[in-house]
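Working notes, structure below.
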Amino acid sequence: MFRAIAIRDSQDEDLPRLADLWVASWREAMPEIDFSARRPWFCAHMQALKASGAAIFCAYDGANRLIGFATLDPVSGYLDQIAVAPDAKGSGAAMLLLNEARRRAPIGLELDVNQDNGRAVRFYEREGFEKCAEGVNPRSGLKTWRLRWTKGA
């Protein structure tokens, strides 16, 4: 268990560690997909998000180790990424990142989640997100849910 988790905005030099964490997190969630091969896409995607004004914020444990991150378009409330290191699952990092996203987009949030990522779907549903649409991930071809959280709903 982690004693203290701090949330801080990402810096440019964090990108390699963010990519490492993203690969590890997704490798655990969907081992049948080669996320290492998708690392270049992720790095370009993160740079594009940052250039478009997205907020990228990170969770650090008490030893100042990156254990999670999230990306958010604060205008639309679209939560593009939440990733937590496999050994930090259950630490509260995902909840802190989600609460930071709620703080930064107080009217509401939307996100897409793979339908077969049961852990993530259950987490978001526990946190008051509701299914509002169904789709397909253009990269993997997997079915997704569009989830929405609205303040006060």
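We did not get these values from a lab; they are worked out from the coordinates using the rules stated. In this text the structure is predicted, and so the values were computed from the model without any measurement. Every residue, glycine as well, gets a Cβ built from its backbone with ideal geometry; the counts of neighbours run over all protein chains shown.
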Name the residue from 123, 152, 109 whose Cα lies farthest towards the positive end of the charge dipole of region 78-153, charges +1 on Cβ of Lys and Arg and -1 on Cβ of Asp and Glu. 152
Provide 82, 33, 7 in ascending order of the number of other Cβ atoms located within 10 Å of each residue's Cβ, fewest first. 33, 7, 82
Just add up the charged neighbours of residue 10: K/R +1, D/E -1, any other residue whose Cβ is under 15 Å from the Cβ of residue 10. -3
Can you give me the C-alpha center-to-center distance between region 76-118 and region 5-66, rounded to a whole angstrom? 13
Report relative contact order for region 34-112 in percent, whole number only (criteria: Cα-Cα under 8 Å, sequence separation at least 6). 23
What are the lysines whose alpha-carbon lies under 24 Å from the alpha-carbon of residue 131, with same-chain residues fewer than 8 places away excluded? 89, 143, 151
Among 144, 150, 71, what is the fewest-to-most ranking by other Cβ atoms within 10 Å? 150, 144, 71
Restrict the search to region 1-84; then list the GluC sites (Glu not before Pro) that DSSP places in a loop and that have at most 11 other Cβ atoms within 10 Å of their Cβ. 32
If I stretch the segment between residue 89 and residue 65 completely, what's the gain in nm (0.36 nm per residue apart, minus their alpha carbon distance), one decimal? 7.2 nm
For region 3-83, which trypsin sites (Lys or Arg not before Pro) are in a loop by DSSP, counting at most 11 other Cβ atoms within 10 Å? 3
Packing-based exposure ordering (other Cβ within 10 Å, fewest first) of 43, 58, 132: 132, 43, 58
Note down the nm distance, to one decimal, between modelled labels 7 Å out along Cα→Cβ at residue 104 and at residue 37. 3.1
If you take every residue apart from residue 31 with its C-beta less than 14 Å away from the C-beta of residue 31, what net charge results, scoring Lys and Arg +1 and Asp and Glu -1? -1
Less than 12 Å Cβ to Cβ from residue 142, Lys/Arg counted +1 and Asp/Glu -1: what total charge do the surrounding residues give? -2
Would you work out which of 29, 78, 48 lies farthest towards the positive end of the dipole of the chain? Charges go on Cβ: Lys and Arg +1, Asp and Glu -1. 78
About the Cα centre, and with charges only on the beta carbon of Lys, Arg (+1) and Asp, Glu (-1), how big is the dipole of region 6-150? Nearest 20 debye, please. 180
Could you tell me whether the chain comes out rounded, prolate or oblate from its Cα gyration tensor? Rule is a ≥ b ≥ c as square roots of the eigenvalues, rounded for a/c under 1.5, then prolate if a/b exceeds b/c, otherwise oblate. rounded
Taking Cα pairs closer than 8 Å and at least 6 residues apart, the relative contact order of region 6-150 in percent is 19
